[in-house]
1. Given region 1-148 reduced to its alpha-carbon atoms as identical point scatterers, what log10 I(q)/I(0) does the Debye formula return at q = 0.18 Å⁻¹?
2. Stretch Asn437-Lys104 to full length: gain in nm at 0.36 nm per residue minus the Cα-Cα span?
3. Compute the acute angle (0 to 90°) between the alpha-carbon long axis of helix 87-97 and the principal axis of greatest extent of the alpha-carbon atoms of the chain; round to the nearest 10°.
4. How high is the FRET efficiency from Ile492 to Lys6, r the C-beta distance, R0 30 Å, rounded to 0.05?
5. Of the cross-linked pairs Lys5/Lys209; Lys39/Lys183; Lys87/Lys209; Lys93/Lys320; Lys96/Lys451, which ones have a Cα-Cα span greater than 25 Å in the structure shown?
6. P(r) for the chain: what percent of alpha-carbon pairs falls in each 20 Å bin, starting at zero?
7. Grab the beta carbon distance between Glu254 and Asp414, set R0 = 60 Å, and tell me the FRET efficiency rounded to 0.05.
8. Round to the nearest 10 and give me the degree value, 0 to 90, for the angle of helix 368-381's Cα axis relative to the longest principal axis of the chain.
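A short reminder: the numbers here are calculations on the coordinates, not readings from a lab. None of these values were measured; they are calculated from a predicted model. Cβ placement follows ideal geometry from the backbone for every residue including glycine, while neighbour counts extend to all protein chains displayed.
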Amino acid sequence: MNVKKKMNSDIIVVGGGNAGLVAAIEAKNAGVNVVIIEKSPKKVRGGNSRLSDALFRIPADGTRDYELLLKGAKLPKEELIIEPYPKDDFYNKVMKLSNGLADKRQTEIYVNRSLETVMWMKEQGLQWDIWTGHMVKKGDQLLLPAGQLALQALGSGEGLMEMLYGIAENKDIEVLYETAAHKLITNEEGRVCGMVALGIDGWIQIDSKAVILSCGGFQANPAWRRRYLGENWDLVKLRGTRYDTGEGINMAIEIGAQLTGHWGGCHASIVSEDSPMIEAQATGSERYYYPFGIMVNRDGDRFVDEGEDYVFFTYAKFGKEILKQPGAVAFQIFDAKVIPVLNPDYQNAVRVETDSLEELAQELDINVERFLETVKAFNNAIIDDQKPFVPNQPDGKQTKGLRPNKTNWAQKIDTPPYRAYAVVCGLTMTYGGLKANERTQVIDTADRLIKGLYAVGEITGGFFYHNYPGGTGLVRGVVMGRIAGYEAAASIK
């Protein structure tokens, strides 16, 4: 292959999202030269991280640990009470949601180092904010129950990316935009020593001493989705970035990298039926208030326990359940008691609203008789309807005798007007990827190190299986990204 341009850098970071930027900053802090290859145009740089809510799950010793992180932030007028969230609780939740399959050592690493890493990010210049979305208001206090999310980058996902890019630019880290990695270069010893990429003006060869892959999974590749995730996954709406199409995985496979993780698994949450096919997250398409109502399919049947747990412990798996329903669509049903609780994305969204449940079913074109039976059975199965409804923490209001039952937030659907929102599966990221050790070094199919090659973020497998605790992907990315930057820099000094 003829290349138009040749460059040199100590370290190449492929992919300029959350994990890659942290890796680049840490490597630069260690005194080495770094270049970032970013496939997207500059105006949409940042991959899935840019499209995220920039929520970071961290274990913390209550309000005290947040005080330094939030210094300088514009806080709510109410007193903040943040309940302690022990490391063991975080670790155990990850293991439980993965059915015990998540890599135990690497889970332990990112859980244990998450607080110190977000503190390091603040020291680098990143500003943190408090997210009050799931806080409980009690008089002049805002209470965050243990296990909920509070830490958010200022300005959400776009703010996170612009701050990290600003830090990188201030450190003179070069970024090549609209440049797609194509092939890894190895020397006679099998060590990775550079790569070939396609830029705006043609092919570029960059010689280096190490490469860090942080260019995401394959969620934007319909053919791979059909191959690995199964039937109809090529047709789902893409909640995440359009640029994660699996090239980084392919390049590593070509030089012998081993694959690991849940190749049939993915982060699949719930988006509005009318959201765009690509990058739906950017349009306010999330529909995460299902715990406060019921979800039914076209047959008029419920199919999940809407109140199983906090939404951030169920949202990443319920999209898959919707995909299994007739027509791959479901309907979130609320009555007048709940409508005031719904967030602004719901209030301004396309919906059906009627004064009777029968009319609602007719307008939705679902099985009217079965739907009315479902609602009646649900209302009659609520154990203690007089028990207080508490929106932002499990309230124990449940049903008995249904399949499935509802574990929390069960209220009768009996007060007009009634609202319905059509929802579908929205794919965010895939779970299968490259195998890397706790030092982020990529492992080959003979269980040997591929010298000079590191991988972090969504391109790596072994972290998430079946389900996902909200706010964990970004934390995993920054912890492992910082390790990769340190290790890659140390290997070439």
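1. -1.23
2. 118.7 nm
3. Computed tilt is about 80 degrees.
4. 0.95
5. Check vs 25 Å cut-off fails for Lys87/Lys209; Lys96/Lys451.
6. The calculated distribution, bin by bin, is 24, 53, 21, 2.
7. 0.50
8. Once rounded, one gets 90 degrees.
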